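Colleague: Submitted below is the structure of interest, expressed as structure tokens.
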Amino acid sequence: MGRNIAIDGPAGAGKSTIAKKAAQKLGFIYVDTGAMYRAIALYFLRQKTDLSDQDAINSACAKIDVRIRYEDNVQQVLLNGENVNGSIRREEVGNMASKTSAFPQVRAKLLDLQRKLAAEEDVIMDGRDIGTCVLPEAELKIYLTASVQTRAKRRFLELQEKGATAELSEVEKDIEKRDYQDMHRETAPLKQAEDAILIDSSDLTIDQVVEKIIFCFQKKMSAAESRNVTVAKSAGFCFGVKRAVENVYEAAENSGKKVYTYGPVIHNEEVMKDLEEKGVCVLNRKEELTQAKDGLVVIRSHGVGKDIYDFLEKEKISYLDVTCPFVKKIHKLVRKYNEDGYHIIVVGNAGHPEIIGVCGWCSEAETTVIDSLEEADNFVPPDGKKLCVVVQTTYNYKKFKDIVEIIQKKGYYINVLNTICNATDERQTETAKIASEADAMIVIGSRNSSNTRKLFEISKKECENTYYIQTMEDLDLSALQNVNNVGITAGASTPNNIIEEVQNNVRIKF
Ligand code: F3S
């Protein structure tokens, strides 16, 4: 994976000269994105493409192939196989490039090529939108600028050297006009990326700016090296969720039927969006199941009550049961104890699908759901009934113990079955341990995932600096700037690719 430095800034700030020098010193490849735009401009010029005709621009873009090759570390630009390094520096090509680089089709054409280069090599890239658009994940972003007067003076001297005549005031006006255009254009306008370092080169020499960039880069790299990032081994999909998700994907791809899930198969928006794109449809109420007459209903890992199975059988609707075996075991236990005359206490959140499912395996009149110490205090069992206690698989063990203690003190005959899943217990214990040693903790998971929320609460108790995020996009980059020990954990429904993305960014980017 390449390390990337993005340099953006207005025209005349010295970006390309400075980027080239810094690349040489660091042993990076300097990617001259301007040359790529010039190659496309050259094609437009040669073909006399009408720039007011969108169809003509689209069809020209489709015929253009721009490639980059390096000879002795010097970038060679190939336009449809021809090396055009010698032709693209002409003034008319530059003027054409400044017009055509604003076309979205042209930018899209080069975006892939630029990103591919940056992914494979250590590169320094300069332009107007490198840090904000082309390489938003760059290790270092620089916004290089200088006052209009300074840039005008530099340009004026350049023109004088070339023997051209120009008025300084005119050059200044041109630069102001160019700045305005670059900052206000519709596609990828020039602006400083939030996490870019601003360098004003007005009173600095080229070498001073280069040294400054190298210093910033080395500082970033050494901060990244000294940062200790611990990712919980238990982070991410548990056995039951993994099994359920894999089965839904398999059914969507191979069952030959329209696939429905009874409730979301997983509390994760990214995965649900992906499944939706694959044609999987979520049904939320029993009555809606009739829509799945010719399809296949997947019963998710949370499980369902007996009435749902009865309904599916009665309506002759095909189904695939991927209830987690640990949840299935609770169904069997409550059913058996209930049949043996026990009153069932289910410790958990009454509105959670798992608890709704568990309650669906015993008689309503002989089941009580308890979710707080207060509810445990107020609980009065039916006369002479023995009690059987089970608990939501993702419940907090300490809270469960406190609730059980209250019921036990009342002196009833009570059979306590700790049905908290090991995966949850392990995840919570590991989270508490990592959080107690971390300067900052990141908890990844969907906002509506109860097990992730519990991890967040546990972590927050140990580490005030705990952040709850759904994806990398939610992470405030500046929050971890001065932090050395970072812990990462994730709920049972967080896909691995999201955990990996966060982990990579925390290790390298901050
Ligand atoms: Fe099953 Fe435990 Fe996961 S009960 S769904 S393996 S948290």
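The values are calculated or read from the model by the stated rules, or taken from the named source; none is laboratory data. Here the structure is a predicted model, which means the values were calculated and not measured. No Cβ is skipped: glycine too gets one built from the backbone with ideal geometry, and neighbour counts run over all protein chains shown. Heavy atoms of the whole protein, side chains included, go into the accessibility calculation; ligands, DNA and RNA do not. Shrake-Rupley method; radii C 1.70, N 1.55, O 1.52, S 1.80 Å.
Colleague: Once you have a ≥ b ≥ c as the square roots of the Cα gyration tensor eigenvalues for the stretch 224-383, tell me rounded if a/c is under 1.5, and otherwise prolate or oblate according to whether a/b is larger than b/c.
Modeller: Taking the square roots of the gyration eigenvalues as a ≥ b ≥ c, the stretch 224-383 is oblate.
Colleague: If you don't mind, another one. Which whole-number percent is the relative contact order of the stretch 279-357 (Cα, under 8 Å, 6+ apart)?
Modeller: Details: 74 pairs, mean separation 25.3, N = 79.
Worked out over the stretch 279-357, it gives 32 percent.
Colleague: Can you classify the stretch 356-510 as rounded, prolate or oblate using the Cα gyration tensor, where a ≥ b ≥ c are the square roots of its eigenvalues, rounded means a/c under 1.5, and otherwise it's prolate if a/b beats b/c and oblate if not?
Modeller: The shape class here is prolate.
Colleague: Could I ask something else about it? Quick one: dipole size for the chain, taken about the Cα centre, charges +1 on Lys/Arg Cβ and -1 on Asp/Glu Cβ, in debye to the nearest 20.
Modeller: The dipole of the chain has a size of about 600 debye.
Colleague: Let me ask another. Can you tell me the 0 to 90 degree angle between the C-alpha axis of helix 397-409 and the longest principal axis of the chain, rounded to 10?
Modeller: 20 degrees
Colleague: Could you work out the percent of alpha carbon pairs in the stretch 14-132 separated by over 26 Å, rounded to a whole number?
Modeller: Percentage above 26 Å: 17.
Colleague: Taking one equal scatterer on every alpha-carbon of the stretch 84-202, how large is log10 of I(q)/I(0) by Debye at q = 0.11, 0.16, 0.22 1/Å?
Modeller: Relative scattering, expressed as log10 I(q)/I(0), comes to -0.46, -0.98, -1.42.
Colleague: Over the stretch 329-395, what is the mean sequence separation of C-alpha contacts under 8 Å (at least six apart), divided by residue count, expressed as relative contact order in percent?
Modeller: On the way: 91 pairs, mean separation 30.3, N = 67.
It comes to 45 percent, rounded to a whole number.
Colleague: For a test of the definition: using alpha carbon positions, the gyration tensor, and the 1.5 limit on a/c, classify the stretch 160-209 as rounded, prolate or oblate.
Modeller: Since a/c reaches 1.5 but b/c is at least a/b, the shape of the stretch 160-209 is classed as oblate.
Colleague: Moving on. Counting only other residues whose beta carbon sits under 14 Å from that of residue 435, what net charge do I get with K and R as +1, D and E as -1?
Modeller: Result for the neighbourhood of residue 435: -1.
Colleague: Which value, in Å² rounded to 10, gives the accessible area of residue 402 with a 1.4 Å probe and all protein chains present?
Modeller: About 40 Å², ignoring ligands and nucleic acids.
Colleague: Pairing the Cα long axis of helix 148-161 with the longest principal axis of the chain, what angle in degrees results, from 0 to 90 and rounded to the nearest 10?
Modeller: The helix 148-161 is inclined about 40 degrees to the chain.
Colleague: Same structure again: Please report, in debye to the nearest 20, how large the charge dipole of the stretch 1-129 is about its Cα centre when each Lys and Arg carries +1 at its beta carbon and each Asp and Glu carries -1 there.
Modeller: 180 debye
Colleague: For the chain, what D do you get in µm² per second when you plug the Kirkwood radius from alpha-carbon pairs into Stokes-Einstein at 10 °C and 1.306 mPa s?
Modeller: Estimated diffusion coefficient is 58 µm²/s.
Colleague: Here's something else I'd like to know. Restrict the search to the stretch 402-510; then list the trypsin sites (Lys or Arg not before Pro) that DSSP places in a loop and that have at most 14 other Cβ atoms within 10 Å of their Cβ.
Modeller: The qualifying sites are 410, 447.
Colleague: What number comes out for accessible area per residue over the stretch 263-412 if the probe is 1.4 Å? Units Å², please.
Modeller: On a per-residue basis, 49 Å².
Colleague: A further question on this structure: With unit charges on the beta carbon (Lys/Arg positive, Asp/Glu negative), name the residue among 384, 417, 438 whose Cα is farthest towards the positive pole of the charge dipole of the stretch 345-452.
Modeller: Ranked along the dipole, the leading option is 384.
Colleague: Counting other Cβ atoms within 10 Å of each Cβ, which GluC sites (Glu not before Pro) in the stretch 38-136 have at most 16 and sit in a DSSP loop?
Modeller: The qualifying sites are 121.
Colleague: Can you give me the C-alpha center-to-center distance between the stretch 86-162 and the stretch 414-469, rounded to a whole angstrom?
Modeller: So the separation of the two Cα centres works out to 46 Å.
Colleague: Grab the alpha carbons of the stretch 98-158, take their convex hull, and tell me the volume per residue in Å³.
Modeller: 119 Å³
Colleague: So what is the calculated 222 nm ellipticity per residue for the chain, using -39500 (n - 2.57) for each DSSP H run with n of 4 or more, over all residues, to the nearest 500 deg cm²/dmol?
Modeller: That comes out to -14000 deg cm²/dmol.
Colleague: Got a sec? Charge dipole of the chain, +1 on Cβ for Lys and Arg, -1 for Asp and Glu; which of 393, 33, 471 is way out at the positive end?
Modeller: 393
Colleague: Once label points are set 7 Å from the Cα along Cα→Cβ at both residue 224 and residue 281, what is their separation, rounded to one decimal in nm?
Modeller: Modelled inter-label distance: 4.7 nm.
Colleague: Still on this model: So if I take the centroid of the Cα atoms in the stretch 261-326 and the same for the stretch 332-382, what is the distance between those two points in Å?
Modeller: Taking the Cα centre of each part, the stretch 261-326 and the stretch 332-382 sit 24 Å apart.
Colleague: Okay, next question. How about the stretch 173-204: which trypsin sites (Lys or Arg not before Pro) there lie in a loop by DSSP and see at most 16 other Cβ atoms within 10 Å? The partial results should precede the final answer.
Modeller: Details: sites: 173, 177, 178, 185, 191; in loops: 185, 191.
Counting only loop positions with at most 16 other Cβ atoms within 10 Å, the trypsin sites (Lys or Arg not before Pro) in the stretch 173-204 are 185, 191.
Colleague: Over the stretch 235-291, what is the mean sequence separation of C-alpha contacts under 8 Å (at least six apart), divided by residue count, expressed as relative contact order in percent?
Modeller: Reported relative contact order: 33 percent.
Colleague: Still on this structure: Which one, 44, 78, 61, is farthest towards the positive end of the dipole of the chain when Lys and Arg carry +1 and Asp and Glu -1 on their Cβ?
Modeller: 78
Colleague: Here's a follow-up. Taking the Cα atoms only, what angle lies between the long axis of helix 104-120 and the longest principal axis of the chain, rounded to 10 degrees?
Modeller: Helix 104-120 and the main axis of the chain meet at about 80 degrees.
Colleague: While we're here: I'd like the carbon and sulfur percentage of the solvent accessible area for the chain, probe radius 1.4 Å, heavy atoms only, ligands and nucleic acids excluded.
Modeller: 48 percent
Colleague: Less than 14 Å Cβ to Cβ from residue 446, Lys/Arg counted +1 and Asp/Glu -1: what total charge do the surrounding residues give?
Modeller: Once positives and negatives cancel, what remains is -1.
Colleague: Oh, and also: Run the 1.4 Å probe and let me know the accessible area of residue 342, rounded to the nearest 10 Å².
Modeller: 20 Å²
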